[in-house]
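Structure first, commentary second.
Each value in this text was obtained by applying a stated rule to the coordinates, not by laboratory testing. In this text, all values refer to a predicted model and were calculated from it rather than measured experimentally. Quick reminder, even Gly has a Cβ in these numbers, built from the backbone with ideal geometry, and neighbours come from all protein chains shown.
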Amino acid sequence: MHSPSLTTLSRIAASLALAGIAGAALAQAQAQEPKYGGTLNFASGSAGVATLSWDLADWQATLQTRDTGQFYEQLFAVDLSKAKSRGGKYPFTISGWQPTDAVRGELAESWSWPTPLTLEVKLRQGVKFPAKKGVMEERELVAEDIVYNFNRMNTSPKRTQGYYDHVEKVEAQDKYTVVFNFNKYIADWDYRFGNGFFSGIVPKEVVAAGAGNWKNVNGTGPFMLTNVAQGNALTFSKNPVYWDKATIGGKSYQMPFVDRVVHRVIKDDSTQQSALRTGKIDILSSISWEAAKELKKSTPQLLWNRWLTTSAPRVALRVDTKPFTDVRVRRALNMAVNKQEIVDKFYGGEAALFTFPMHPEYVGYHRPLNEQPASVQELFKYDPAKAKKLLTEAGFPNGFAFKMQICSCNIESMELMPLVAAYLEAVGVKMEITPMEYGAHLSAMTSHTNAAGYLTTIPDVNPTTSLRINFGKDQVYNAPMMNDAKFDASVAAAIGERDEAKRQQMLRELTTQVLDQAPAIWMPAPYRYTAWWPWVKNYGGEMFVGAGRVAPIHAQLWIDQDLKKKMGF
Amino acid sequence: MKTQAISMTAAGKARAPQRPSALRSFFRKLFREKRLGAAGAVVAIFFLLVGIFADVIAPYGMNEVDMGARMHAPSWEHPFGTDNLGRDLLSRCIYGAQISVIIGLSVAVISTVISALIGIISGYFGGKIDMLIQRFVDAWMSFPGLVVLIVVASVFGSGITQIILTLGLLIGIGGSRIVRSAVVSVREDMYIHAAKSIGASAPRILWRHVLPNVIPPLIVLFSSSVGAAILAESGLSFLGLGVPPPHPTWGGMLSGNGRTYMLQGPWLALAPGICLTLVVYAINVFGDALRDMLDPRMRGTR
Amino acid sequence: MMQTYILRRLLALLPTLLIASIIVFVIVRMVPGDVVDLMLSQNDAGSNKLTRDQLMETLGLDKPIWQQYGIWISRLAFHGDLGDSLWQGDSVLSMIAERLPVTFELGLLAMIIALTVAIPVGVYSAVKQDTAGDYITRSFSLLMLAVPSFWIGTMVTVFPSIWWGWSPEIHFTPFLEDPWANLQQMLIPATILGLSLSAITMRMTRTMMLEVLRQDYIRTARAKGLSELLILTRHAVRNALIPVITLIGSQAPILIGGAVILEQIFVLPGMGLLLLDAVNQRDYPVVTGVFFIVGISVMLINLVVDLSYGLIDPKVRQR
């Protein structure tokens, strides 16, 4: 057994070396002249679910944007020049949020607030929809398109009721100016329409031809959908009239560089990793730490990026069900679990104690654990004696039993939970692990019929939205069944706060409050890895420009085909 | 009276050293002539005993986590090594044997009974009964087994009982066709016509003529059901529908940790994989030998 | 009378299908976790009762079940339309039409491989009963039966990628577009499936061959003085085909319904994964539609199998 310090040191050295290599590679790439051509093959996480519907009006959010985002663009995106791999401060590995100082207009060139409730957006001029046979001629994007899309989303029979209640009216002032009239301010206005899951701009010609048919889709984005082999691969080809340019080494280049992008839909982890090893896939995002360890050994030429998952597991405890009505019991369960040991031993150190729902990447909203008040910190410290004391105080000197529902599809947690159960048993609490099938498990939560204990890994998407949807009364993801009117009002007030610094502070405090209330057993969040081959240039492991979209990242990378051939692929 | 008594005792004494027990001669024939089958039987019985006495034999618990002993290669303390949670693999394989025995035998019994009932009734009586039953079998067989299993898992949860009943039903109805085809080909045989013409009753015919001739396929079905059930459970584990933790099954270990740690810890796959393959193989080989020996038409031949 | 038999059988299919379709229709909707809950969770936005009701109505799920079934069956009967996917909006028929050829090809290839291996091996094994050759061939085929398919699939996918930098083809090309590219992906999973099928078939072939070799009419034929080979080929093999055809009938669900595990490992866009995804996502029309197509195809295949019995087994024909 190695001494911990040695392992930690070597790990730090390794990641420094990796960062060094990746950074050096990027720097070198920056100096290198980019070449056009080639195909990018990428595969994402183990979900392997292909786009279910191509029509944005179907409101399928989380599943759609990765693929529809290759051709449908939005008003805003993140500024990739602020990426960590380019010397900036954001890794851009989270899906739903854009830091305010890293926002870049995509279809929008500039925007301003003439009045506190009026947003004026000036569109980029010269952005074109490419010609699509049988659907539309090539034409320029105009303000009417934005208005059309907003209204279409807002009248869709599948929309979330009340999602756009804050918008009074959207109108096109002139050819390139869109005006949004709000009736109240909410902090995630851009998340709801602008850079979110429901913000893609679809031309009305596509809708007329049938927006759900993949053969009709057409957008301003860098790639066009050319082939769908459901369950196998989605093929996209370069948009010949794409508007954006990349600046590399001081020179400006027309994007995209690659001719084709193929999204490989592979359900099986082993198959994904083998395909990566043999160069059939260029980028594989979302690799588990165990697989990463092995891949680094077998394929040392790969470049790596590590990121903290947003899907941190936690065992939600129903605050409306005995014995979890008593906050002491909930806190006791937190203290009874040795979370640091789980990080060290179960995850091999590749995890972090997580202050759900504030991900460390939410700069300004996130307060690290060591800066949280003592009462929160103690929830993450292993103290079975104190746990037992609290339980006795609450009237359970001999413990109790409760049922915990878990999805049998979540393999990692299925392994972890018996460990947690063992910790709880040591203080007399018996956790009955009840595996459920995916649909049944999810539905138990969304229909509010879940058991007293419920393992959820719903990701935190957005610092302003997450508190609301995970702990708000009657919200779909509110597994703990929290029903705190005061809390809800405070969250609403925070969301309505225009001043960002003030908003951040309010949300920080609300997060601390939620952590303290312990409506769940907070569990560590594992790290995950993204790997790519060195011939993928101008890429540093970024994953999202917001709301699950990855297209702009693909647009600005290029494939060094000579290097690929030299390496033997 | 005296003479009667004498003659009776004489007869009794004369009858004593008659034929040896049928069972003993069966085993003798097995070990002498069907060596492969005998080997299979030995292996199968070995695992059966391991499964039955699992609680006594296993050195550690089935779910004894020991984070300090993670991913140890085979050693004296852990002859099969440990897994990613420090659990002793030998013990888990032993408990896996227990579950495999339970699942395998239960499914085999249920499916063989179902196959026999449906196949014999359908095949022997023919006509409308046959038509009706076969339509039902057809409909059932066209249900993708996966749908049935997922539906059962979703509605009733995933557990050993649900898996056993569902697999038993699926394999049983599927196997009934083979039994039926054997019955049908026998039904047309001359001596059944002969027996019928003599006036033998249906049950008698079934018992004396049909049954002995469907026993070979039934035996093959039984033995292949055991193997099929154990294999099916492993496939279900791969899809996430198998026996849920903490019960270790060979299939679950193989498709789970075995695949994840295939390169870092090959013993995680080798141990359950070899157990699984060995048992299924042994049972099938034994079943083959059994069929060879019990086939009435083979008796007297070599 | 053959024609009336076929007609009778075809007509008998209809009530069976109808009843089975009702059962599937109802059961899939009985499974806990309905599609609206799942859709709402994908919505990410946090929903409420209004959204739920609206969605139910849009999807036509607010109607009573018997009415939903009525709509489904009338669409099928009058328009040959199996409905549309609740998630994708695509017609179920088109989704199946895309996936069925893949599955069918996999099954067909597997069966060809299986029979090519099994029949000669089974016959050889029967003729040379209990010799070393018999033992070896039987042992090998039983071994194929004992190793789980996902394990072989995983090993084939992983180890060569590490040792030789080679992994199976993951890109799907339709057969008609480029047969060789298509086969590059299909051959390996087809072989794995085929080898395990061959084990069962070989055993059955051997069994029937052995029994048949001792049948009376073989003895009669021998007595007549016909050469050994002629006897074998004409009488014995023909009868030994019976379990083989039975097997084809019993494997029909795989031929049409897909082999989920192999599809998953080798990235084959087949019916198995279509069904698995549809059930997981509670896409009721797709599940019902897939079942229906699989059901009808399997029943037709079995009809052909039963008719083949009549052709092959002279005793059965006397009915």
**Complete:** Listed by chain and number, the lysines with an alpha carbon less than 29 angstrom from that of residue B:34, same-chain partners under 8 positions apart left out, are C:128
**Request:** Report the paramagnetic label zone for residue C:97: residues of the range A:203-231 whose backbone N is under 19 Å from a point 7 Å from Cα along the Cα-to-Cβ axis.
**Result:** A:210-217, A:227-231
**Request:** Hey, could you get me the Stokes-Einstein D for the range A:123-169, Kirkwood radius over alpha-carbon pairs, 37 °C and 0.692 mPa s, rounded to whole µm² s⁻¹?
**Result:** 257 µm²/s
**Message:** From the helices alone, meaning DSSP H stretches of at least four residues, give me the mean residue ellipticity at 222 nm for the protein assembly as shown, per-run term -39500 (n - 2.57), in deg cm²/dmol to the nearest 500.
**Reply:** -17500 deg cm²/dmol
**FRET efficiency, 1/(1 + (r/R0)^6) with R0 30 Å, evaluated for residue A:101 and residue A:320 via beta carbons** = 0.15
**Item:** Qualifying lysines (Cα of each under 17 Å from Cα of residue A:381; at least 8 residues distant if same chain)
**Value:** A:339, A:345, A:389
**Rounded FRET efficiency, nearest 0.05, which uses the C-beta distance separating residue C:166 from residue B:67 and R0 of 25 Å** = 0.10
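If the limit is 32 Å between Cα atoms, which of A:84/A:296; A:296/A:403; A:238/C:49; A:293/A:502; A:245/A:566 go over it?
A:296/A:403; A:238/C:49; A:293/A:502
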**Prompt:** In degrees from 0 to 90, rounded to the nearest 10, what is the angle of the helix A:4-31 Cα long axis to the longest principal axis of chain A?
**Reply:** 10 degrees
**Request:** Express as a percent, rounded to the nearest 5, the fraction of DSSP beta bridges in chain A (both residues included) that run antiparallel.
**Result:** 80 percent
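Over its Cα atoms, what ratio of radius of gyration to 2.2 N^0.38 Å does the range A:274-404 give?
In units of the 2.2 N^0.38 Å rule of thumb, it is 1.38.
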**Asked** Relative to the longest principal axis of chain A, what angle (0 to 90°, nearest 10) does the C-alpha long axis of helix A:289-298 take?
**Response** 60 degrees
**Message:** When 1/r is averaged over all different Cα pairs and the result inverted, which Kirkwood radius in Å belongs to the protein assembly as shown?
**Reply:** 33.0 Å
**Fill in**
Taking only the Cα positions of the range B:36-117, the convex hull volume per residue in Å³ is 118 Å³
**Complete:** From fewest to most C-beta neighbours within 10 Å, the residues A:297, A:267 line up as A:297, A:267
**Item:** For chain A: relative contact order, % (alpha-carbon pairs under 8 angstrom, 6 or more apart)
**Value:** 22 percent
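For the range A:372-502, report the convex hull volume of the alpha-carbon atoms normalised per residue, in Å³, without decimals.
On the way: hull volume 18.9 nm³, N = 131.
Hull volume over Cα atoms, normalised by residue count, gives 144 Å³.
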**Asked** With the calculation restricted to Cα positions, what are the radius of gyration and Dmax of the range C:30-142 in angstrom?
**Response** 25.4, 75
**Message:** Please list, in order along the range A:406-415, the HN-Hα scalar couplings obtained from phi with the Karplus expression 6.51 cos²θ - 1.76 cosθ + 1.60 (θ = phi - 60°), rounded to whole Hz, x for Gly and Pro.
**Reply:** 9, 7, 5, 7, 8, 5, 4, 6, 4, 7
**Item:** Whole-Hz couplings from phi, Karplus 6.51/-1.76/1.60, listed for the range C:78-91; x for Gly and Pro
**Value:** 8, 10, x, 10, 8, x, 10, 4, 5, 8, 9, x, 6, 6
**Prompt:** In the protein assembly as shown, what percentage of the DSSP-assigned beta bridges are antiparallel, given to the nearest 5?
**Reply:** 80 percent
**Prompt:** Using Cα pairs under 8 angstrom and six or more residues apart, how large is the relative contact order of the range A:84-203, in percent?
**Reply:** 24 percent
**Asked** What's the longest bit of chain A with no exposed GluC sites (Glu not before Pro), using DSSP loop states and at most 15 other Cβ atoms within 10 Å as the test?
**Response** A:139-569
**Asked** In sequence order, what are the phi-derived ³J(HN,Hα) couplings for the range C:7-20 according to the Karplus relation 6.51 cos²θ - 1.76 cosθ + 1.60 with θ = phi - 60°, rounded to whole Hz, with x for glycine and proline?
**Response** 4, 4, 5, 4, 5, 5, 4, 4, x, 4, 4, 4, 4, 4
**For the range A:126-243, diffusion coefficient by Stokes-Einstein and Kirkwood Rh (Cα), 10 °C, 1.306 mPa s, µm²/s** = 101 µm²/s
**Item:** Relative contact order (%) - the range C:1-141, alpha-carbon pairs under 8 angstrom, separation at least six
**Value:** 9 percent
**Prompt:** Say each of residue A:165 and residue A:502 gets a label point 7 Å from the Cα, pointing the same way as Cα to Cβ; how far apart are those two points in nm?
**Reply:** 2.3 nm
**Fill in**
At 20 °C and 1.002 mPa s, the Stokes-Einstein diffusion coefficient in µm²/s for the range A:176-226, with hydrodynamic radius from the Kirkwood sum on alpha carbon pairs, is 162 µm²/s
**Request:** Run through every distinct alpha carbon pair of chain A and return the Kirkwood hydrodynamic radius in angstroms, one decimal place.
**Result:** 25.0 Å
**Request:** Give me the angle, in degrees from 0 to 90, between the Cα long axis of helix A:485-495 and the longest principal axis of the Cα atoms of chain A, rounded to the nearest 10.
**Result:** 30 degrees
**Complete:** Here the gain from full extension of residue A:117 to residue A:493, 0.36 nm per residue of separation minus their alpha-carbon distance, amounts to 133.7 nm
